[in-house]
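Have a look at the structure below before the remarks.
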Amino acid sequence: MITTGMIGLSYRTAPLDLRAKAAFGDRQKIELAQQLQSAGIEQCVVLSTCNRSEIYYAGSKADPMAVRDIFLKVCDEPLLADHLYQLQGRPALEQLFRVAAGLDSLVLGEDQILGQLVQAAEFARAIGSSDKELNRIVQNAVTCAKAVKTAYPVSSQPLSLCYIGMKQLEECFGIRNKTASVIGSGKMAQLAVQHLAAMGCGRIFLCSRSRQAAQPILQHQNVQWMEFADRAQAIRQSDIVVSATSAPHMVIEEKQLQGCKEKMAFLDLAVPRDIDLAAMRKGWYLFDVDSLKQTSEENLQKRHMLAEKSEQMLSQAIDKTEQWLAASVVDAPIQTLRQRVQEVEQDTAQLLCDRLQLDSHQQKILRKLLHAGMNRLLRTPIHQLKESQNEQQQRQLAQAVKYLFSDAKE
C-alpha cells in the first residue's frame, strides 16, 4: 500500500534567515531523493521557493521520522526542527492542493507557485525520484488548481496599492497616449513607470535627485529623466502625475502646480503624502494611499470569499485522488493476472491451430473466440479487485492474485 506525506517549513512557521537554510538547490534535491530512497521512501518531489521548502513523498515504507531526520541532516541546521510541520495521508494531499492553488501563499491566490510546482515535479521525474503515484498526485493538484483559478479567479482582485491606483487612473481619466510625470526613484516609482508603460502611456518624465539611482527605470522606452528641482517643468507638460518619494514633507505644492493643464490626474503613493490637498483644483483627480488602502482591503476580502468557495473544488479533487490511490494498490496484481491469462490464451490458440490444421480464416475466428472467453473470465475478478472499498481486503486480494498466478508453471 502506497502511503503519502509531506514535511516542510514556510513563511508561516519560520523567519527568512531560517528559510534560507532550507533553500534546496538541485544538488540538495538529488541528495534528498537518494537518502529518502535508501530509507525506503521511493518517491519524492521537493518544492523550494523563497517562501517555503516542502517535500512531498510517497512510498510503501514511508516512515515520517526518517523523513524528518533526512530533512534536518541535509539542511545541517538543528534550529529548523522547531519550525517544521509534517502531515500524512489526506492532510498532506490537502496541503499540496492548497499550495498549488495559491491558497497557502503569502499573497493569497498568487499564480507563480503553480509554475514552481510544475518545475519541481519535472525535476523529480528527470532524476527518477517520482513515479506513477506521485506523478498522478501532482498532476491532479495542478489540474485542480487551474480549474479553481478559472472558476474563482482569486488573483484577479489586485492588492498592490500602485496597481490599484493605476487602474483607477485608467478608469477615471485614461492613460493611453497621455504624458505622465513620476516623482521618485525607489521601488514604488519603478513599479509606477512599469504600469504606465504597460498601459500605453505615451511619454513619461522621471524626476529624481539621482540619475544613477534612477538608471533601472530609464531602461523603459519613452522615459526621460529630469532633475528633481525641475519637477514643476515636467508637471506642467503632463496629464498625469505620480509621486512616490520618501521625503518627510510635501514635494508638490501650489508653486509647483502653476501653469498646469485644466484637466489632470494625480496619484500620491507616498506616506506621508507628497501632494498638497489644498493645491487641488476643480477638474483635477487625486488618488492617495488612504483611498487605495480601502480598495485593497475590499479586494482582500473578495479574495478570501473566492478562496472559501475554492475549497469545495479542492475537496472533491482530493476525494478522487484518494480513490485512485486506493485502486492503484491492485494495478500490479491485475497486470500479473492479465499477462498470465494472455500467455495461456496464446499457447492454447497455437496448440489448437497446429492440432486441428486450421486455415488462416479459421485461426482468426478461433483466436477471437478464445480472447473473448478469457476477457469474460477476467471481468469479475478484476471488477472485484478495483471496486473493493476496504483497503485490507484489497491487499489480501492482491496478495492472493500474486501468490496464485505470479509463479504458475505449465
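Readers should treat all values here as calculations from the given coordinates under stated rules, not as data from a laboratory. Just so it is clear, the model here is predicted, and its values are computed rather than measured. Glycine gets a Cβ as well: all are built from the backbone with ideal geometry, and neighbour counts include every protein chain shown.
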Provide the per-residue ³J(HN,Hα) series for segment 248-256, in order, calculated from phi with Karplus coefficients 6.51, -1.76, 1.60 and θ = phi - 60°, each as a whole number of Hz, with x at glycine and proline positions.
-> x, 9, 5, 10, 10, 10, 4, 5, 7
Under a 5 Å amide H to amide H cut-off, with H placed in plane at 1.01 Å, what residues pair with ALA214 once short-range neighbours are removed?
-> none
At the level of C-alpha centres, the distance separating segment 317-378 and segment 87-123, in angstrom, is 40
On the formula 1/(1 + (r/R0)^6), with r taken between the Cβ atoms of ALA23 and ALA372 and R0 of 56 Å, the FRET efficiency rounded to 0.05 is 0.45
Work out Dmax and Rg for segment 1-60 from the C-alpha atoms and quote the Rg first, both in angstrom.
-> 12.1, 39
Partners for LYS61 among lysines (Cα-Cα distance below 24 Å; same-chain residues under 8 apart left out) | LYS29, LYS73, LYS132, LYS320, LYS386, LYS402
Tell me, what HN-Hα J-couplings in whole Hz come from the Karplus equation 6.51 cos²θ - 1.76 cosθ + 1.60 at θ = phi - 60° for each residue of segment 148-156, using x for Gly and Pro?
-> 5, 5, 6, 6, 10, x, 4, 6, 6
Give me Rg over Rh for segment 242-308, both radii from the alpha carbons and Rh done the Kirkwood way, two decimal places.
-> 1.12
R0 of 51 Å, Cβ-Cβ distance GLU110-TYR403: FRET efficiency to nearest 0.05 = 0.50
Can you pull the one-decimal nm distance between simple spin-label points at GLN346 and LYS132, each 7 Å off the Cα toward Cβ?
-> 2.0
Kirkwood Rh, Cα Rg: Rg to Rh for the chain?
-> 1.20
With no solvent and one equal point scatterer per Cα, compute the Debye intensity ratio I(q)/I(0) for segment 238-278 at 0.16, 0.22, 0.24, 0.33 Å⁻¹ and report its log10, rounded to two decimals.
-> -0.38, -0.70, -0.81, -1.26
Determine the distance separating the Cα centre of segment 143-210 from the Cα centre of segment 50-66; give it in Å without decimals.
-> 40
Computed from every Cα-Cα pair in segment 161-282, P(r) in 10 Å bins starting at 0 and rounded to whole percents is 14, 52, 32, 2
Whole-Hz couplings from phi, Karplus 6.51/-1.76/1.60, listed for segment 27-37; x for Gly and Pro = 4, 5, 5, 5, 4, 4, 4, 5, 5, 5, 5
The chain, relative contact order [Cα under 8 Å, separation at least 6], % = 13
